[in-house]
Structures are given as structure tokens and as C-alpha cells.
Ligand SMILES: Cc1cc2nc3c(=O)[nH]c(=O)nc-3n(C[C@H](O)[C@H](O)[C@H](O)COP(=O)(O)OP(=O)(O)OC[C@H]3O[C@@H](n4cnc5c(N)ncnc54)[C@H](O)[C@@H]3O)c2cc1C
Ligand code: SF4
Ligand code: SF4
Ligand code: SF4
């Protein structure tokens, strides 16, 4: 068991420093090069058959990038510290950071790899949206990818100007789009006007996504060279006479109908996360974000963290990103890897979270509720000291009370509750606030420092996460004589442990029921969410609680 | 490894993040901040959560400041500027001008008496975070005009009115420029009459008002406005001003703020005047749909703001369906000002011998790596190199730190 004497005891463990990278596109190659450059052995796994298939077309990027990519491929191929596995299927992943076991098939062969960390660098795919526009592709109606492909041929460009062709683009009516898609459109538009005199580009567009490097300038350059933009909030009318499309809409400013019969109509494409993300999320036990990218929208995860220590999500695996953003992710990952893996030996706290093996009945509640994937089991639950973030959600969920968190054991917390309440002078309403150290505790300390009015009988109890607040802490507080109890968590979506706020809210809802049964006024218990920069709100909420119960 | 020293110029979120990341590898960091407080602009932003966090990133700045303050490997230099830099044998020598420090941080216990009793507003500045120590800073002008007051006001004896600036020379192996941006000055668009009308405010004013009052209120009367307009792209994407960039943060901050204000005051009527709405967060389609339900979007940017009785404001509103323009009255107008290059960039560029780009931000030497400057050993991060958000600046700072480690040959 943990005692205060051995609480800070550290132990040295050996960890594996090999790194598995999933996805051999630009981001994966760049990561392999940088990580191997740091001295770690890299296993680069790609779904594809041939040698590293970098993001197939690089989405219309210019020739100089193709050269950079070729050089990168060469560097990766020639690096003895990088092992390339083609045609890979990831079958399972077990273990903890510093000691993952990955089972995979490569070229039909089953392999088992031991790695210290996993970097997911899956690519985005570009898919046509003609079905949403209700249009069939033809000689005259083409996808953006096909048009980009055509543009790379000099013959095609020559034909464009010699025949004084018009090209119309439809963008932003089938989806919201992104700066990366916008860059492709702007590049194509510019290529048309730069092909020489004659060809004209018309762009029918909803929101122009210029929030990327140099896009506003690119937009202006295109217009200066003759491209014409129609900014619409509704899809223009498209009629298809024989196979020639006609695009028309009513312009409210000049109050007239504008009709264009383009020689080529180019349809935008959706840039969507790799389909494999869903499967990888399941195997690696990492959260899938709202749009199918491998990262939730939570500032604690940015830039490259997943919910599990030792598993990083980079480039287009976590969002629609251009190559420079992908490179930024790579360097952030290298920093994190160096910190995690070091030279292969690691000092970890011996008793960060401790399972009492006598009490544990291997119900696996903790395994399921741990948001960091830090728990595995032999015949009893085992908590990895490398992966554990000491949020204490497991400790509060374990039906056997078999888990204790160092510094926040049940005994210590109950003691603190008792002392805090008896510390309040008689006469002042006794208010106990369980404060998450990431948010409410900071806000509360700031409120005191800024001299905001606070209840005299307010006492804060620090918890590592609101998810550590047991129902029985709340009930003990009332039994010990608290007049009011507040459980103060991070805002939903801002919990460092993702689900701590949710667990806390559930428990408080249960506590309300219990209070009702015992005849304690529900108003005496409050669940609040706050951020660290909300000192005034902290003070206001505490004062209101005092008024309510006083 | 031999001890390595780094200088980071600018204590905003970019500089703090780079410093923290480097300190994690045992590198000694000098973090140089011109003002009296660490944190840059973003330390002053309020939380924009509705019933849930909207991922504005403001609380990340609070966290970074805490980590920077607690790190033993980071030396904070407040009220400090870099006067000269020379380099020799891969070492940089930087001459710092420090202070004057009128408040002794060792003695000050942040009681706030000097601030509360100050004879004039503005003589004593207040930090925004509890991790700003000292929490207060006295301006040189304040001291000059009120010597007697400041000589005696502090119960801890922490104020010395005769403090003088000092110089210090430090030697470092590499440096990171993270000197940030300047918010667009709305007076450059005189037809918005920002200086004239109290209820024409900027996005930055909105943050200050929310912080001071706990809600968005009208500066003229302290009342919660019923009808609010946001005008987007003020100073950004403006050919006439030669600003050919999207500031990237003003769509996000305007819509997130609008959501959080609307949660507080559900009756409020909010209109967004815009050119194009940029993506916000990882689930933009859902967020944007919610915004379209809650606010009126008008795709045209008003050119003039006219005053009306009761400090209300009139804007010309274009009706797309009718093709006609009419005037409409609002209680408060928020100008969504954007990110401009720090006016000191020219001087810093000369001081360090690194290039600026066409827009006046620091140029990068590799089109795909924004942290490399035109000089070996000098790196750049955050809005010093162009418009960026808090998380974007942090990611760049991490990258810059990574480049520094590579440059120094610091392995694992
Ligand atoms: C109104 C407004 C609202 C915003 N809201 C959001 C938001 O909600 N979410 C978001 O992600 N982003 C937001 N942003 C953007 C955000 O402010 C920036 O991304 C962030 O502040 C950039 O940090 P930085 O460190 O690059 O620069 P800064 O914040 O500018 O920090 C630079 C620091 O360097 C110091 N400095 C300058 N020159 C020198 C020098 N010569 N020597 C030493 N020190 C120097 C400055 O004093 C300052 O402390 C907003 C911007 C504006 C204008
Ligand atoms: S929840 Fe408790 S009893 Fe169940 S496996 Fe985990 S430690 Fe054992
Ligand atoms: S809305 Fe912003 S400040 Fe508030 S919790 Fe979320 S990220 Fe933090
Ligand atoms: S982010 Fe929005 S408001 Fe800001 S410059 Fe870009 S388009 Fe305009």
C-alpha cells in the first residue's frame, strides 16, 4: 500500500525505443526520417503494395515538391534504421507505452513487433462529389483530381488557350471545404490564366477558405490575371443541354441573370479522413473525432496527442492538413518521443496508482473506464506507471475500492474533508469545494489572489480530476457537517482525461437522489464546470451558494 | 552534454511554449519579455465555453504560464529588451536592457494596495493571471508624476521609486524569435468612427469588457446590448491597406464569442457581417449550422458606422433577396480586428540580420518549414511569422524547439 513515505519513490524501468509509424505518405516518410534521425529504430508500415506510396498526387502540388518528396523517399530507403513493411494490415495492439506488442500482416506474413510508441500518419482521400451536384462526369464535367492531372500536360494547356476555352469551377456548395481544397482550386485557376492568353476561369464559390498560408494573395493573383469569381450562397442552376453544361444564377447586385456555358466544368472534391481510421481507433483504443479524424476536439490533445500516452496522431490522421502543418506535427512528435522514450531507461513513480491485488476481483471495470488506456491485466488489474496520468477515474469507479492514487488516497481525502470542515469558524456556512486541479483549483486560487469576495467558510479540496470525486466523499462532507458541497470540473470537452467531467456529473446526479432519500436539501449540492481563467465566475458561484444555504 | 543556453524573445504563448519544451530537455532558457507581464495578448482572453468548451485555447495559455513560472530551467526577464546581438563561433552574445523595476518581486506579496489607491488610472498595470508575479507593474510615467505617493504607498516596502534600468549581457547558443503580432488599429478605417463612438468596440475590447464585467456590456451605459453586430475582416484581406492575408483567428473568435454571449443572454439578437466564414474547430459543419440557427449572417461588409441617439449605431445593410440597401440600428458593434505584423519587426530584423516577408512578418527559409529563418541558429515561432491561433502558435513553438534541439545536437 502507498504511504506518504514511499509516495515519491521512483523506479528505473527498461523500455523499448522502436517506433511504429502507420502510413507511408508524405507525413509518414517525414516522420520516419526525423525519428530515425534521432537514433530510434523505425518500422514504417503502409497499406500499399509498392514502395512508400506518398500521398498519391500530393493534391496538385507543384513539381518542386515532387522533387522534395523524391529526395525524402531516397533518404528513407537508404536509412538502415528504417524498416519498411508494405501491404500491411494491423491486427492487434496490446501493452503500454514503452512496451507495445503489435501483431500485423505484411505481404501476407504474420509478424509480431515490439515497439515503445506508435505514430499514426494516415492520409486523407479526395473523393468526387458529383452525386451531390446531381451531375455525371463526361468530357465536359470533370473532377478536380482529373482536371489537375490534365493540367500537368502541356498539350492540354495549349488546347485550353488556343481554343479560348472557359473553365468553370463549383466550390463550396456540396460541403464546407477547407484551406487545403482552396489551395488546389486557386492553383488550378492560376495555372489556367498562366497557360497563356485565351483561357478563362470562372469560379462559382460559397465561402472562400483563405485561412492558410498565402491563400489570400494567391486568390488576388488569380483575379488579377483574369479569373472571375461569383460568390454565391446557393448552388447556381446547372442545366445539361446535350452534354454541354450551362451554369446560371441571378445576380442581385446588378439585378440580372448571368449565364455561362463553360467548355469544362470542374467539380470540387471532398477531402476526407482515411477509412482505415475507424479500424485503427478500435485496435489502438484511441478516440475517433467528430469527422472521422483520430483526435477529439480537446485543447489538451493538440497538437499531436491521442488520449493514450505513447500513441501520436499526426498530419492528416488528425485533421485536414497541408504539408507544412504535417511537418510541424512531425517535429512536435519527435520532441514528445524523446521525452517518452529517452535512452531506453526511464524513471517512473513506483506507486502512482496502486491496485490492491487482494481486493481486485478482475471485473475489468477499471480497464474499461480508464480514458488513457493505462490498465491491462495478468490475473488481476495492472496499471502502467508510464501510461497512467493519475486522474483517479478508475479508483472512483472500482466497485471493490481496490485502487488508490498516491497523494489522493481515500483515507487522505476523507481526512482532508474532515479537517477542512472543522477549520471553518462556527457561524460561517461551511462550504466544501472539490476542485479539479486543472481548472477550478486554479480559478479559485486566482479569485483569492485577486481579492474577489469569497465565502469565509469556503474550503477547497484539490483533486487530480473531477472524475476522482467519489460519491462517498460528497456524503462524508455532509456527514462531517458541510452546509454546502460543490464539485467543480472542467467544461465538457476540456477535461484532460476526456471523461472525468462526465463521470463526475453522473455521480452527482446519483448523489442528488441519495440526498433526497435522506432528506437533505438538494440545493446544498452543486455541480459546476469552469476553466482555469474563470476566477470571477468561481467567486460568483461560491457566493451564490453561500447565499442559498446561509 | 555541455550546458546549453537559449534566448527566447517574446513571452507570449509561442515564446512560453518553446521555452517550456526546451527546458524539458535540460536546456537553460532566457525568456525575454518586453512588457511587465508574461503571456502576450492571449493571457487576457476569457473562456468562451457555452455549455461546453469551444476549444478557443485561452486556458492553454494560463497553463503554459504556470509551467513556465514553475520551471527551474527558465529564467524570466520581464520589462527587458534586447539592445544588441553579436555572433561569433556559433555563440550569440545579447546585450539586455532590464527594467527599471519599481516593484521588487522578492518583497511584493501582490496585496494590490498600490493599484487600488493609485491616484490615476493607468499608472499601475494589473496582470491577468495569478501566475503573473508581481501581479502589478508601475509605469515610469506614473512614478515620475506621483513620486511621493509611490514612495510611501507599499506596506511591504517593495516599491523603489529611484530604480534604474540595468544592462546584462548573456551568451546563448541559439535563439527563437517569438515577438508576436499587433492587433489592427481600427482608427486606420476612419469611417467606422471607432474613436468617436463608445459602442464601437474591437474584438480585443470585447475580451476586456467580458473580463471586467463578466458579460458583454455596452461601454456607454454598462447595459447588456439587445442587438449586436460583428463586422468581420477589419484590417485583414484588405487590398486598399495592402493587407493580403486572412488573419485566421477573427472568424473563430467572433463566432465562439457570439456563441458564448448568446448562451449568457439568449435574447440577444446577433448579426454577423462577413465576406467568407473560415473553418472553426474539428466539427465545423455542425458548429456552423448551430451558428446559422442562432445568428443572422449577411455577406457584405458595411463601410460606414453612423451614430444615433442613445449611443446606438446605424449600419447600411444590404438585402440580398431584394437587391436593396437599408439602414439598420444596433446597440453595439464589434469590429473583428485581425493580426498585423509587430511594428518592431523591422528593428528586430536588423538587430538579428533575419529577413522579413512581403507582409512584414518574419520570412521562412523553407517554404514548408515556417520556423527556419534566413540565419543559422535563429528560429521563429507564433504570430511573429504570420497570422496564427493559440494552438497553431503552440505547435509552431514545439517545432521551433525541436529545430533548436537538432541544431544543438541534443539527443534523447
Ligand atoms: C481580438 C483577438 C482575439 C483572439 N482570440 C483568439 C482565440 O480565441 N483563440 C485563439 O486561438 N487565438 C486568438 N487570437 C490570436 C492569439 O491572440 C494569437 O494566436 C496569440 O496571441 C499569438 O501568440 P504569440 O506568442 O505569437 O504573440 P503575442 O501574444 O503577441 O506575444 C508576443 C509577446 O512578445 C512580447 N514582445 C514583443 N516584442 C518584443 C521584443 N522586441 N522583445 C521582447 N518581447 C517582445 C510582447 O510583449 C508579447 O508578450 C485572437 C487575436 C485577437 C486579435
Ligand atoms: S475495477 Fe477494481 S476490482 Fe475491477 S479489475 Fe479494476 S481494480 Fe480489479
Ligand atoms: S472555451 Fe477556451 S478557455 Fe474555455 S475551457 Fe474551452 S479552451 Fe479553455
Ligand atoms: S478569419 Fe474571417 S474575419 Fe478574419 S480575416 Fe479571415 S475571413 Fe476575415
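The values are calculated or read from the model by the stated rules, or taken from the named source; none is laboratory data. Since the model is a prediction, treat every value here as computed from it, not as a measurement. Every residue, glycine as well, gets a Cβ built from its backbone with ideal geometry; the counts of neighbours run over all protein chains shown.
Kindly indicate whether any position in segment A:313-321 is away from ligand 1 (no atom under 16 Å from the Cβ), modelled with pLDDT of 95 or more and surrounded by fewer than 20 Cβ atoms within 10 Å (Cβ to Cβ).
Within segment A:313-321, not a single residue is away from ligand 1 (no atom under 16 Å from the Cβ), modelled with pLDDT of 95 or more and surrounded by fewer than 20 Cβ atoms within 10 Å (Cβ to Cβ).
Any residue that is within 14 Å of chain A (Cβ to nearest Cβ) and either near ligand 1 (Cβ under 9 Å from one of its atoms) or not in a loop (DSSP other than H, G, I, E, B) (or both) - is there at least one of those in segment B:23-32? Working first, answer last.
So in segment B:23-32, the residues within 14 Å of chain A (Cβ to nearest Cβ) come out as B:23-27.
With either near ligand 1 (Cβ under 9 Å from one of its atoms) or not in a loop (DSSP other than H, G, I, E, B) (or both) added as a condition, the list becomes B:23.
Scanning segment B:23-32, I find at least one residue that is within 14 Å of chain A (Cβ to nearest Cβ) and either near ligand 1 (Cβ under 9 Å from one of its atoms) or not in a loop (DSSP other than H, G, I, E, B) (or both), so the answer is yes.
State whether the residues of segment A:468-483 include one that is within 14 Å of chain B (Cβ to nearest Cβ), crowded, with 19+ Cβ neighbours inside 10 Å and touching a helix residue (DSSP H, G or I) at 6+ places or on another chain (Cβ under 8 Å). First the steps, then the outcome.
So the first thing to find is which residues in segment A:468-483 are within 14 Å of chain B (Cβ to nearest Cβ), and the list is none.
The answer is no, given that none of the residues of segment A:468-483 is within 14 Å of chain B (Cβ to nearest Cβ), crowded, with 19+ Cβ neighbours inside 10 Å and touching a helix residue (DSSP H, G or I) at 6+ places or on another chain (Cβ under 8 Å).
Table: residues versus (1) within 16 Å of ligand 4 (Cβ to nearest atom); (2) under 30 Å from the mean Cα position of the chain (by Cα); (3) without any contact (Cβ under 8 Å) to a residue 40 or more places away in the chain.
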site	(1), (2), (3)
A:446	no, yes, no
A:484	no, no, no
A:515	no, no, yes
A:548	no, no, no
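Test residue A:338 against the stated conditions and say whether it is more than 16 Å from the chain's Cα centre (by Cα) and at the interface with another protein chain (Cβ under 10 Å from one of its Cβ atoms). Talk me through it step by step, then tell me what you get.
Values: more than 16 Å from the chain's Cα centre (by Cα): yes; at the interface with another protein chain (Cβ under 10 Å from one of its Cβ atoms): yes.
Here the answer is yes, as residue A:338 does meet what is asked.
Just wondering, is there one or more residues in segment B:244-261 that are within 11 Å of another protein chain (Cβ to nearest Cβ), surrounded by fewer than 22 Cβ atoms within 10 Å (Cβ to Cβ), part of a helix (DSSP H, G or I) and in contact (Cβ under 8 Å) with a residue 60 or more places away in the chain? Walk me through how you get there before you give the answer.
Quick first cut of segment B:244-261, residues within 11 Å of another protein chain (Cβ to nearest Cβ) only: B:244-252, B:260.
Subsequent filtering for residues that are surrounded by fewer than 22 Cβ atoms within 10 Å (Cβ to Cβ) retains B:244, B:260.
Then drop every residue that is not part of a helix (DSSP H, G or I), which leaves B:260.
Filter again for in contact (Cβ under 8 Å) with a residue 60 or more places away in the chain, leaving B:260.
Scanning segment B:244-261 turns up at least one residue that is within 11 Å of another protein chain (Cβ to nearest Cβ), surrounded by fewer than 22 Cβ atoms within 10 Å (Cβ to Cβ), part of a helix (DSSP H, G or I) and in contact (Cβ under 8 Å) with a residue 60 or more places away in the chain.
Read through the list (1) away from every other protein chain (no Cβ under 12 Å); (2) more than 15 Å from ligand 4 (Cβ to nearest atom), then give the number of the only condition that residue B:319 fails.
Among (1) away from every other protein chain (no Cβ under 12 Å); (2) more than 15 Å from ligand 4 (Cβ to nearest atom), residue B:319 violates only (1).
Only one of (1) within 18 Å of residue A:470 (Cα to Cα); (2) crowded, with 21+ Cβ neighbours inside 10 Å fails for residue A:365. Which number is that?
Of everything listed in (1) within 18 Å of residue A:470 (Cα to Cα); (2) crowded, with 21+ Cβ neighbours inside 10 Å, residue A:365 misses just condition (2).
Could you list, in sequence order, the residues of segment A:159-174 that are free of Cβ contacts under 8 Å to residues at least 60 places away in the same chain and surrounded by fewer than 14 Cβ atoms within 10 Å (Cβ to Cβ)?
Taking segment A:159-174 first, the residues free of Cβ contacts under 8 Å to residues at least 60 places away in the same chain are A:159-162, A:164.
Listed by number, the residues that qualify are A:162, A:164.
Exactly one condition in (1) more than 13 Å from chain B (Cβ to nearest Cβ); (2) surrounded by fewer than 19 Cβ atoms within 10 Å (Cβ to Cβ); (3) within 25 Å of the chain's Cα centre (by Cα) is not met by residue A:505; state its number.
Result: residue A:505 fails condition (1) only.
Under 21 Å from residue B:136 (Cβ atoms) and surrounded by fewer than 24 Cβ atoms within 10 Å (Cβ to Cβ): does that describe residue B:32? Spell out how you get there, then give the answer.
Values: under 21 Å from residue B:136 (Cβ atoms): yes; surrounded by fewer than 24 Cβ atoms within 10 Å (Cβ to Cβ): no.
For residue B:32, the condition - under 21 Å from residue B:136 (Cβ atoms) and surrounded by fewer than 24 Cβ atoms within 10 Å (Cβ to Cβ) - is not met.
Would you check if residue B:359 is surrounded by fewer than 24 Cβ atoms within 10 Å (Cβ to Cβ) and in the same structural domain as residue B:15 (by TED's automatic domain parsing)?
Values: surrounded by fewer than 24 Cβ atoms within 10 Å (Cβ to Cβ): yes; in the same structural domain as residue B:15 (by TED's automatic domain parsing): yes.
In short, yes.
Listed residues A:535, A:539; which is in contact with a helix residue (DSSP H, G or I) (Cβ under 7 Å, 6 or more places away or on another chain), within 21 Å of residue A:443 (Cα to Cα), away from ligand 2 (no atom under 16 Å from the Cβ) and more than 9 Å from chain B (Cβ to nearest Cβ)?
Details: A:535 fails: more than 9 Å from chain B (Cβ to nearest Cβ).
Only one candidate passes the filter, namely A:539.
Being more than 10 Å from ligand 1 (Cβ to nearest atom) and either within 23 Å of residue B:212 (Cβ to Cβ) or modelled with pLDDT of 95 or more (or both): is that true of residue B:49 here? Lay out the reasoning, then the answer.
On the way: more than 10 Å from ligand 1 (Cβ to nearest atom): yes; either within 23 Å of residue B:212 (Cβ to Cβ) or modelled with pLDDT of 95 or more (or both): yes.
Yes: the conditions hold for residue B:49.
When you scan segment A:420-436, how many residues do you find that are crowded, with 16+ Cβ neighbours inside 10 Å and either within 14 Å of chain B (Cβ to nearest Cβ) or outside any helix (DSSP H, G or I) (or both)? Let's see the steps before the verdict.
Initial filter on segment A:420-436 (crowded, with 16+ Cβ neighbours inside 10 Å): A:420-421, A:424, A:429-436.
Subset that is either within 14 Å of chain B (Cβ to nearest Cβ) or outside any helix (DSSP H, G or I) (or both): A:424, A:429-436.
Result for segment A:420-436: 9.
How do the strands (runs of 3 or more DSSP E) wholly within segment A:153-240 filter down when requiring 2 or more residues that are within 23 Å of residue A:252 (Cβ to Cβ) and within 14 Å of chain B (Cβ to nearest Cβ): which remain? Give the derivation first.
Details: elements: A:166-171, A:200-205, A:228-231.
Output list reads A:200-205, A:228-231.
Being farther than 18 Å from residue A:124 by Cα, within 13 Å of another protein chain (Cβ to nearest Cβ), part of a strand (DSSP E or B) and touching a residue at least 12 places away in the same chain (Cβ under 8 Å), is that true of even one residue in segment A:300-307?
yes
Would you check if there is a residue in segment B:336-347 being in a helix (DSSP H, G or I) and either within 13 Å of chain A (Cβ to nearest Cβ) or surrounded by fewer than 16 Cβ atoms within 10 Å (Cβ to Cβ) (or both)? Reasoning before the result, please.
Keep residues of segment B:336-347 that are in a helix (DSSP H, G or I), which gives B:345-347.
After this cut, where a residue has to be either within 13 Å of chain A (Cβ to nearest Cβ) or surrounded by fewer than 16 Cβ atoms within 10 Å (Cβ to Cβ) (or both) as well, the list is B:346-347.
Yes - at least one qualifying residue is present in segment B:336-347.
Tell me the residue from B:225, B:219 that is within 23 Å of the chain's Cα centre (by Cα), more than 30 Å from residue B:8 (Cβ to Cβ) and part of a loop (DSSP other than H, G, I, E, B), please.
Working: B:225 fails: within 23 Å of the chain's Cα centre (by Cα).
That would be B:219, the only listed residue that is within 23 Å of the chain's Cα centre (by Cα), more than 30 Å from residue B:8 (Cβ to Cβ) and part of a loop (DSSP other than H, G, I, E, B).
Give me a count of the residues in segment B:206-227 that are within 16 Å of ligand 4 (Cβ to nearest atom) and within 20 Å of residue B:302 (Cα to Cα).
The number of residues fulfilling the criteria is 1.
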